[in-house]
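Take a look at the structure set out below.
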Amino acid sequence: MDTALKTELTDLLPRALRFARSLTRDVVAAEDLVQTAYIKAVERIDQYEQGTRLDSWLYRIIQTSWIDEKRREQRRGNVISFEDARESTLPGQSHGGTDRLFLQAALAALAEDQRAAVTLVLIEGYSYREAADILDAPAGTVMSRVARARKALAMMHDDDSQNTNSDDIQRGSP
């Protein structure tokens, strides 16, 4: 990359940050977005056409990076990592121990293909299509595996809740 182009990219930094802040509405997220965009710009500098507006080219990279990030967030939804799930207890009924231990045992009790599908779709936040690509299976198969796994997990939860409640009654707990 020539020195003039480096200088022009450096000079664009304050404007790029302002543009990113207008998209993200968050200073830290804007800085991350600009950093990502500048990395992409440097990696793809050969795609820049001399004589065109560098700022427009860079803004497009920023906007596309922002759109990609929002799509990833939408696709993943409100997802927590499996490690976070292991470290926290979920509110609700007690399952004769912690909900975390119940979840680990319930996931372990699933068939391997169902456990893989549930982990990718419900825990990691992949779409059915993405999970299908990873598992090298049709999307419909992944959907049915997740549906069967959900049903099995619900039945395990209901069975465990009934056992816990009957244990509490036998012990005289309210």
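The values are calculated or read from the model by the stated rules, or taken from the named source; none is laboratory data. In this text the structure is predicted, and so the values were computed from the model without any measurement. Every residue, glycine as well, gets a Cβ built from its backbone with ideal geometry; the counts of neighbours run over all protein chains shown.
A few points about this structure:
- Here the condition is being free of Cβ contacts under 8 Å to residues at least 24 places away in the same chain, among the small types (Gly, Ala, Ser), surrounded by 13 or more Cβ atoms within 10 Å (Cβ to Cβ) and in a helix (DSSP H, G or I); of 37, 30, it holds for 30 alone.
- Scanning segment 140-161 for residues that are hydrophobic (A, V, I, L, M, F, W, C) and surrounded by fewer than 15 Cβ atoms within 10 Å (Cβ to Cβ) turns up 147, 154, 155.
- Filtered by the rule that a residue be surrounded by 12 or more Cβ atoms within 10 Å (Cβ to Cβ), part of a loop (DSSP other than H, G, I, E, B) and at pLDDT 85 or above, segment 40-91 gives a lone residue, 48.
- Members of segment 4-27 found to be of a type in the set (A, V, I, L, M), surrounded by fewer than 16 Cβ atoms within 10 Å (Cβ to Cβ) and within 22 Å of the chain's Cα centre (by Cα), listed by number: 27
- Within segment 119-148, tally of residues that are at pLDDT below 90 and among the small types (Gly, Ala, Ser): 5
- In the set (1) in contact (Cβ under 8 Å) with a residue 12 or more places away in the chain; (2) over 20 Å from the mean Cα position of the chain (by Cα), the condition left unmet by residue 60 is number (1).
- Filter pass, residue 116 being buried (at least 16 other Cβ atoms within 10 Å of the Cβ) and at pLDDT 75 or above: yes
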